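A short write-up of the structure that comes next.
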Amino acid sequence: MGRAEDARDASGARPALGVLLRARFERAFSGALSAASMHATCDADDRSEMLRVVRKSTKIGRALLRLARGCVDEESVAGAESLLRETSSLLAPLRDRDAIVATIGKLFAGRNDERARHVADSLARVVLVANEPDEDLPFERAAVRRAGQTIAHLAEAIRSWPLERIPDREIIEGMVRSWRIVRRLTEDPIVDVDTETSHLIRRRCARLSLQLAAFEDVMPKRIRELRRSLRAVTRGLGDEHDLELLAERMSLGRARIGSDAFANAALDLCRRARRRLRAGAADAIAEERSLRPRELRAFLR
């Protein structure tokens, strides 16, 4: 059993899934509040990671809220969902900025010469709204501070929810519904779907992956394998989304790039890389689509 045994209480019984759900909420929000506090004083190299932790907590919270329905009134769940969505949107431009910088770095990862660094720095100045990193700092600090305040407010509210009373079967059905949606969205090959559908697949795979992660310590090996595949899809389509974002900014800034030949070559490189990433995501989900919802339900039970 391994980790499943570690999650059992002193009597040897597995804790109710609602107990584990609460623990995951608390862990995510506690980590976010710690990161938000550290962000105010850490240096530039660490601020990006603190920002990532805070924003990821909003994703975890929204995924888990789908499993918490029924323990409190609909308005409370809808209010929490709304605040987490607003907080994620508040931090999105900062996350996109960091993703663009990281993606440019990956494009030039095999080149360590001075010319490559110069081209990478020049490209970053073309596609970023702020020309200097410190220009975003006041907004970034204010946004992260506000995000921390919102998450603290939500953590206090959710602390009073009777999550422990949610029947295991309701939590399981929530995850089965998520898997049913993922299977429906991936009926057509990911490499051929439109951009909107690709983004939706990424979000839905991420949601189910985060839901399964809340109970990973009591999950059988088959479910942990499913979660790894979902994470591979999320990672691949996330990198593809970042390349799409970079390509859009480069195309928009063609006049500032100054060289059509360079812009066309860079955009073609992005297109080919995006297709490879989609193909990898398609392979990862293809290995799991044979798992039917009723079989997932049986594994989870």
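The values are calculated or read from the model by the stated rules, or taken from the named source; none is laboratory data. Being a predicted model, the structure only gives us computed values, none of them experimental. In this analysis, Cβ positions are derived from the backbone assuming ideal geometry, glycine residues included, and neighbour counts consider all displayed protein chains. Remember, those area values only see protein heavy atoms, side chains included, never the ligands or the DNA or RNA. Shrake-Rupley method; radii C 1.70, N 1.55, O 1.52, S 1.80 Å.
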For the chain, the longest principal axis of the Cα atoms and the Cα long axis of helix 74-107 enclose an angle in degrees, to the nearest 10, of 40
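How high is the FRET efficiency between S30 and E74 when r is their beta carbon distance and R₀ equals 25 Å, given to the nearest 0.05? Present the calculation step by step, with values, prior to reporting the outcome.
Values: r = 26 Å, r/R0 = 1.06.
The value I calculate is 0.40.
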Taking a label point 7 Å from the Cα of H199 along Cα-to-Cβ, the residues of the range 242-256 whose backbone nitrogen sits under 12 Å from it are 242, 244-245
Projecting the Cα atoms of I151, P167, V191 onto the charge dipole of the range 89-191, where Lys and Arg contribute +1 and Asp and Glu -1 at Cβ, the residue farthest towards the positive end is P167
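Would you mind working out the magnitude of the charge dipole of the chain relative to its Cα centre, with +1 at each Lys and Arg C-beta and -1 at each Asp and Glu C-beta, to the nearest 20 Debye?
Working: 57 positive and 47 negative charges, 208 e Å.
So the dipole magnitude of the chain works out to roughly 1000 debye.
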Note: the range 114-235, point scatterers on Cα, Debye, no solvent; log10 I/I(0) at q = 0.12, 0.16, 0.17 Å⁻¹ equals -0.79, -1.02, -1.04
So the angle from the long Cα axis of helix 114-127 to the longest Cα principal axis of the chain, reported in degrees to the nearest 10, equals 70
Given GluC sites (Glu not before Pro), DSSP loops and at most 14 other Cβ atoms within 10 Å, the longest exposed-site-free stretch of the chain is 1-186
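Let's test the formula: R0 of 35 Å, r as the Cβ-Cβ distance of A102 and R224. What FRET efficiency results, to the nearest 0.05? The partial results should precede the final answer.
On the way: r = 28 Å, r/R0 = 0.80.
Working from the Cβ atoms, E equals 0.80.
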Quick calc: nm separation of the 7 Å Cα→Cβ label points for R272 and A44 -> 3.2
Of every hundred units of 1.4 Å-probe accessible area on the chain, the number belonging to carbon and sulfur atoms, as a percent, is 49
Rounded to the nearest 10 degrees, the helix 195-213 long axis (Cα) sits at an angle to the longest Cα principal axis of the chain of 40
Summing -39500 (n - 2.57) over every DSSP H run of at least 4 residues in the chain and dividing by its residue count gives a helix-only mean residue ellipticity at 222 nm, to the nearest 500 deg cm²/dmol, of -26500 deg cm²/dmol
Taking r as the C-beta separation of A157 and R115 and R0 as 45 Å, the FRET efficiency to the nearest 0.05 is 0.25
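Could you work out Rg/(2.2 N^0.38 Å) for the chain, with Rg from alpha carbons only?
1.10
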P(r) of the range 124-178 over all Cα-Cα pairs, 5 Å bins starting at 0, rounded to whole percent, reads 4, 14, 11, 11, 12, 11, 9, 9, 10, 8, 2
To the nearest 20 debye, the range 11-160 has a Cα-centred charge dipole, built from +1 on Lys and Arg Cβ and -1 on Asp and Glu Cβ, of 680
In debye to the nearest 20, the charge dipole size for the range 202-294, taken about the Cα centre with +1 at each Lys and Arg Cβ and -1 at each Asp and Glu Cβ, equals 360
By the mean-Cβ-within-10 Å protection proxy, highest first, 263-269, 149-155 rank as 149-155, 263-269
Rounded to one decimal in nm, the spacing of the 7 Å Cα→Cβ label points at S251 and S82 is 3.5
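Quick check: residue separation of S290 and E135 times 0.36 nm, minus the Cα distance between them. What number comes out in nm?
Details: separation 155, 0.36 × 155 = 55.80 nm, distance 4.97 nm.
Length gained, S290 through E135: 50.8 nm.
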The range 91-105 and the range 62-89 have their Cα centres apart by a whole-number Å value of 27
Compactness summary of the range 58-146: radius of gyration and Dmax from Cα atoms, Å, are 18.8, 59
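So, for the range 165-254, what is the accessible surface per residue at a probe of 1.4 Å, expressed in square angstrom?
45
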